[in-house]
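What follows is one structure encoded as structure tokens, with my remarks underneath.
The values are calculated or read from the model by the stated rules, or taken from the named source; none is laboratory data. Fair warning: this is a prediction, and the values are worked out from it, not measured in the lab. We place every Cβ from the backbone using ideal geometry, glycine too, and count neighbours over all the protein chains shown. Note: areas computed on protein heavy atoms with side chains; ligands, DNA, RNA excluded. Shrake-Rupley method; radii C 1.70, N 1.55, O 1.52, S 1.80 Å.
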Amino acid sequence: MAADAPITQDLVTIPRKLPEGGKVNLVGLTRDALREALIAAGTPEKQAKMRVNQLWQWVYHWGVRDFADMTNLAKPYRALLDDHFQIALPEIVSKQVSTDGTRKYLVRIAGGHEVEVVYIPETDRGTLCISSQVGCTLTCSFCHTGTQKLVRNLTAGEIVGQIMLARDDLDEWPAVGTGTGDAGPRLLSNIVLMGMGEPLYNFDNVRDAMKIAMDGEGIALSRRRITLSTSGVVPEIAKCAEEIGCLMAVSFHATTDEVRDKLVPINKRWNIETLLNALREYPRLSNSERITFEYVMLKDVNDTDADARRLVTLIKGIPAKINLIPFNEWPGAPYERSDPARIRKFADIVYKAGYASPIRTPRGEDIMAACGQLKSATERARKSRAQIAAETGTA
Ligand code: SAH
Ligand code: SF4
């Protein structure tokens, strides 16, 4: 067909005009944005809702990437879509598989930047740890990502694209024409926003991406299977409850402002008390379950019995579980992991106070895929060991 030949479909003639400025990526558009984009490309308004539904199912339910394969759309309409849009994902540059089955993907996004994505298989679930930013503006002193300056926020398409890439790699899209769930438990059943970056500093894109992931006609992960981890961006916490409604984890890590100021410097802006007040509201606003308090175990820094007791006193009244994370080392890190016996004692005090206190088993350590070890090797904006020490007062 000539490029300017009109398209006739459902008795409506759509003038065929090619877009200026390249094709729009459909991945990452919310339903509303997709509708607008389809209308702008010439889809009659009264058809737009149906077209959104059809495309949504192809892209997010069956994982199809080529308009030509969308067999319930008339051929001329597929051609129109192909003229205006693309279905583009970030690219997997490399994949490493740990001896424990953990998979780490290095993913390249536009501009040549890279982020890491980790898939953690467990007996009853499979969790994908996704990134929200390249690098991080925050400088938590125990975190490898924190030594890498923020390069940029990921787009919604790049965030949901990580989930889609993992489903490709796990070969987990339902066969065209079939529904979800018939094949038994899902390999990719849970999402944690615990990769690189502070998700609440990229709120709109994270929200749009999670809305897409939660949409029942597509990837269809329930909001209770998505956990967003924040270092404590207090003003965004209520917004997260209202606009996303997923589960919340908070990087707590210390029981006094003095120590938390050093470990999680955002504490200087919003201290422990302010943070806890925001968290008290969260389950009510989001209708969600318990909040996960993440607590990295750093030898002689935050791991005493007194810390454990202060922790349970501080969070009294908040439905919570406490996730103890043995510190994962990275080259030049200014801390050591607490001894296993110390971690167990700490866990015991927390448990006896009535809180679940799982100790997170480090996964994928042999491929540097464990919590806080992520950092794209090609982004070498690394701070020196001396700089980290100076900022944290650990010199
Ligand atoms: N920026 C968000 C999410 C990413 S970090 C946040 O800070 O919450 C995910 C979790 O891993 C956080 O609890 C973080 O504090 C923790 N973490 C970071 N570095 C770590 C390390 N080296 N060892 C263990 N946990 C670490
Ligand atoms: Fe950023 Fe989270 Fe690492 Fe802190 S722990 S530097 S907020 S990624």
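Do we find a residue being at pLDDT 95 or above, assigned to a loop (DSSP other than H, G, I, E, B) and open to solvent by 30 Å² or more (accessible area, probe 1.4 Å) anywhere in region 173-187? Checked against the condition, which is being at pLDDT 95 or above, assigned to a loop (DSSP other than H, G, I, E, B) and open to solvent by 30 Å² or more (accessible area, probe 1.4 Å), region 173-187 yields no hits at all.
Matching residues to (1) surrounded by fewer than 18 Cβ atoms within 10 Å (Cβ to Cβ); (2) touching a Ser or Thr at 6+ places or on another chain (Cβ under 6 Å):
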| position | (1), (2) |
| --- | --- |
| ILE191 | no, no |
| PRO199 | no, yes |
| MET210 | no, no |
| THR256 | yes, no |
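Here GLU281 fulfils each of the conditions (1) under 22 Å from ILE349 (Cα atoms); (2) surrounded by fewer than 15 Cβ atoms within 10 Å (Cβ to Cβ); (3) not aromatic (Phe, Trp, Tyr) apart from (1).
Sub-7 Å Cβ pairs linking a first residue in region 204-225 that is within 16 Å of GLN57 (Cα to Cα) and not assigned by TED's automatic domain parsing to the domain that holds PRO185 to a second residue that is among the acidic types (Asp, Glu) and open to solvent by less than 50 Å² (accessible area, probe 1.4 Å), at least 6 apart or interchain, number zero. Taken as a whole, the condition of being in contact with a helix residue (DSSP H, G or I) (Cβ under 6 Å, 6 or more places away or on another chain) and farther than 18 Å from ARG223 by Cα does not apply to SER132. Screening the candidates ARG35, ARG65, ARG78, ARG51 for the property of being of a type outside the set (A, V, I, L, M), at pLDDT 65 or above, assigned to a loop (DSSP other than H, G, I, E, B) and touching a helix residue (DSSP H, G or I) at 6+ places or on another chain (Cβ under 9 Å) yields one hit, ARG65. Looking only at residues of region 143-153 that are within 11 Å of ligand 1 (Cβ to nearest atom) and part of a loop (DSSP other than H, G, I, E, B), we find that the one that is most open to solvent (accessible area, probe 1.4 Å) is CYS143. The single residue among GLN96, GLN133 that is at negative phi and surrounded by fewer than 23 Cβ atoms within 10 Å (Cβ to Cβ) turns out to be GLN96.
Conditions (1) more than 19 Å from the chain's Cα centre (by Cα); (2) assigned to a strand (DSSP E or B); (3) within 11 Å of ligand 2 (Cβ to nearest atom), marked per residue:
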site	(1), (2), (3)
LEU221	no, no, no
SER229	no, yes, yes
GLU236	no, no, no
THR255	yes, no, no
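Residue-level check: of (1) of a type outside the set (Ser, Thr, Tyr); (2) modelled with pLDDT under 95; (3) under 19 Å from the mean Cα position of the chain (by Cα), PHE203 misses just (2). Report, by residue number, each residue of region 115-142 that is part of a loop (DSSP other than H, G, I, E, B), of a type outside the set (Ser, Thr, Tyr) and within 9 Å of ligand 2 (Cβ to nearest atom). Answer for region 115-142, where residues must be part of a loop (DSSP other than H, G, I, E, B), of a type outside the set (Ser, Thr, Tyr) and within 9 Å of ligand 2 (Cβ to nearest atom): GLY135, CYS136, LEU138, CYS140, PHE142. Can you tell me which residue in region 324-356 is nearest to CYS143 (Cα to Cα), limited to those that are open to solvent by less than 20 Å² (accessible area, probe 1.4 Å) and away from ligand 2 (no atom under 16 Å from the Cβ)? Filtering region 324-356 for residues that are open to solvent by less than 20 Å² (accessible area, probe 1.4 Å) and away from ligand 2 (no atom under 16 Å from the Cβ), the one nearest to CYS143 (Cα to Cα) comes out as SER338.
Got at least one residue in region 56-70 being more than 24 Å from ARG186 (Cβ to Cβ), more than 29 Å from the chain's Cα centre (by Cα) and open to solvent by 30 Å² or more (accessible area, probe 1.4 Å)? The answer is yes; a qualifying residue exists. Here is the figure for region 117-142: residues that are within 16 Å of ligand 1 (Cβ to nearest atom) and closer than 19 Å to THR361 by Cβ total 7. Annotation: of all residues in region 205-219 being in a helix (DSSP H, G or I) and of a type in the set (Gly, Ala, Ser), the one that is farthest from SER189 (Cα to Cα) is ALA209.
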